[in-house]
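Report on one structure; see the data block that follows.
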Amino acid sequence: MAKTTIGILGGSGFYQMPGMEGVEQLEVETPFGKPSDPFFRGRIGDVEVVFLARHGKGHRLMPSEINFRANVFGMKKLGVQQLVSVSSAGSLREEIEPGEMVVPDQFIDRTIKRPGTFFGNGIVVHVSLADPICPRLSAALVAASRAAGARVHEGGTYLCIEGPQFSSRAESRLYRTWNADVISMTAMQEARLAREAELCFAVLVMVTDYDCWHESVAAVDIGEILRVMRLNVETAQKAVANLAHSLAGTDRACSCARALEGTIITDRSVMPPKLVEELRPLIGKYVK
C-alpha cells in the first residue's frame, strides 16, 4: 500500500484535529523563518496527517502576519503530498448561506503585502496557476464533507483580501459583480505556494456570514462569525477525517506532482549554490 501523507492548515476556529493517533509535536526549520506554530504529526486510520494552526496557538497572527512560505515549506519538508486549507469566509451569493460549506476551484487575489513565491534572488520559476485546485483532491473533499453531514457547494471563486478589516459595502458589491462566491483572507498564498511545492491542494470553506452586501442583515459582526464558526468546526473536522480515510493507499493520479517540470528558467550554472541547497526539497529532482 502506498504511503499517503496529507497536511491540514487549520484556520479561524479550526485549531486542532481530533482523532489523530500517535501524535508528535515537531518544530521545523525553513529557509523562510519560523512557521506559525509547531506541526502535529499523527495518523488517522492508515493515513499520516500533519496539522498546523495557521494563525498560531491562541490565534495570535493576523492574515498579513502569517509566514505562508514557512508553513507550506514545512509541510513539504515533512513529506506532505496533499494539502487541505480550512478557512472561514463570507458569502457573496444569496444561495450560499451561513453554516454551509464551499469547496472552491478558483481564486481572485486582492492582497498586496504578502510574498507569494519560494523563488527569486537568483532562481526564476514560472508555474501555471490557471487551475490552482487539484480536481481529484477537491472531489474527494466534497464527498468527505457531504458524508459528514455538510451542505456543500462544489466549485466557485474564492476572493482573497488583505484584511484585517472586512470590506466596505462598496467593495462587497463590487466583488459580487466579479462573480466571486466567497471572501476571505488566507488561502490564496497557500494555493500559489502549494503549486510551487508540487502539492495537491484543495480548500474547505466554512461560510460564517453574508459579508456586508446583503442589506437584509447587519454588517459583518465578529461575534456572529464566531458563533457560526463554532457550529461549523466540528463538521469540518469530521470532513477532514473522512477525507483521510478515503485517501488511504491511493495514488496521486494528477499532474500536481510535476508542476515544476519545465518551469525553472534560470540556467543551473548561475544559480546561487547556497540557495539551491536551501530549496532542495522543492527543486532537487530537477536541479542535480
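For region 168-175, indicate whether the set of residues that are under 19 Å from Ser64 (Cα atoms) and either of a type in the set (Ser, Thr, Tyr) or at pLDDT below 95 (or both) is non-empty. Taking every residue of region 168-175 in turn, at least one turns out to be under 19 Å from Ser64 (Cα atoms) and either of a type in the set (Ser, Thr, Tyr) or at pLDDT below 95 (or both). Counting only strands (runs of 3 or more DSSP E) that fall entirely inside region 79-166 and contain at least 2 residues that are of a type in the set (D, E, K, R) and out of contact with any His (no Cβ under 8 Å at 6 or more places or on another chain), the qualifying elements are 106-110. For region 45-73, residues that are in contact (Cβ under 8 Å) with a residue 60 or more places away in the chain and over 20 Å from Ala194 (Cα atoms) total 3.
Among the residues of region 98-113, those that are within 15 Å of Gly155 (Cα to Cα) and either basic (Lys, Arg) or surrounded by fewer than 24 Cβ atoms within 10 Å (Cβ to Cβ) (or both) comprise Glu100, Asp105, Gln106, Phe107, Ile108.
Selection of region 5-23 for residues being more than 25 Å from Glu278 (Cα to Cα) and out of contact with any Gly (no Cβ under 6 Å at 6 or more places or on another chain) yields Gly10, Gly11, Ser12, Gly13, Phe14, Tyr15, Gln16, Met17, Pro18, Gly19. Taken together, the residues in region 20-47 that are more than 19 Å from Gln189 (Cα to Cα) and over 18 Å from the mean Cα position of the chain (by Cα) amount to 16. Scanning for something without any contact (Cβ under 8 Å) to a residue 40 or more places away in the chain, of a type outside the set (Phe, Trp, Tyr) and over 30 Å from Phe118 (Cβ atoms), does region 194-216 turn up at least one residue? Within region 194-216, one or more residues are without any contact (Cβ under 8 Å) to a residue 40 or more places away in the chain, of a type outside the set (Phe, Trp, Tyr) and over 30 Å from Phe118 (Cβ atoms).
Here Leu279, Leu193 are screened, and the one residue that is out of contact with any strand residue (DSSP E or B) (no Cβ under 6 Å at 6 or more places or on another chain) and crowded, with 22+ Cβ neighbours inside 10 Å is Leu193. The residues on offer are Leu83, Leu129, and the sole one that is in contact with a strand residue (DSSP E or B) (Cβ under 6 Å, 6 or more places away or on another chain), modelled with pLDDT of 95 or more and not basic (Lys, Arg) is Leu83. Of all residues in region 151-180, those that are over 23 Å from Ala202 (Cα atoms) have Cβ atoms under 8 Å from Cβ atoms of residues that are of a type in the set (Asp, Glu), 6 or more apart or on another chain, in Phe166/Asp211; Ser167/Asp211; Ser172/Asp211. Thr263 falls short on exactly one of the conditions (1) closer than 21 Å to Gly74 by Cβ; (2) of a type outside the set (Asp, Glu); (3) within 25 Å of the chain's Cα centre (by Cα); (4) modelled with pLDDT of 95 or more, and that condition is (1).
Number of residues in region 3-18 that are buried (at least 16 other Cβ atoms within 10 Å of the Cβ), outside any strand (DSSP E or B) and not hydroxyl-bearing (Ser, Thr, Tyr): the value is 4.
Scanning region 24-39 for residues that are without any contact (Cβ under 8 Å) to a residue 24 or more places away in the chain and surrounded by 13 or more Cβ atoms within 10 Å (Cβ to Cβ) returns Asp37, Pro38.
Checked against (1) over 14 Å from the mean Cα position of the chain (by Cα); (2) crowded, with 20+ Cβ neighbours inside 10 Å; (3) of a type outside the set (Lys, Arg), Leu83 meets all criteria but (1). Only residues that are surrounded by fewer than 21 Cβ atoms within 10 Å (Cβ to Cβ) and either in contact with a strand residue (DSSP E or B) (Cβ under 7 Å, 6 or more places away or on another chain) or among the aliphatic types (A, V, I, L, M) (or both) were counted in region 139-149, giving 5. Taking residues in region 250-278 that are closer than 15 Å to Leu199 by Cβ, and partners anywhere that are aromatic (Phe, Trp, Tyr) and crowded, with 16+ Cβ neighbours inside 10 Å, the pairs with Cβ atoms closer than 8 Å and at least 6 places apart or on different chains are Cys256/Phe201.
Being touching a Phe, Trp or Tyr at 6+ places or on another chain (Cβ under 8 Å), modelled with pLDDT under 95 and basic (Lys, Arg) is a condition met by at least one residue of region 55-77.
The values are calculated or read from the model by the stated rules, or taken from the named source; none is laboratory data. Keep in mind it's a predicted model, so treat the numbers as computed, not measured. Note that each Cβ is placed from the backbone with ideal geometry, even for glycine, and that neighbours are counted across all protein chains shown.
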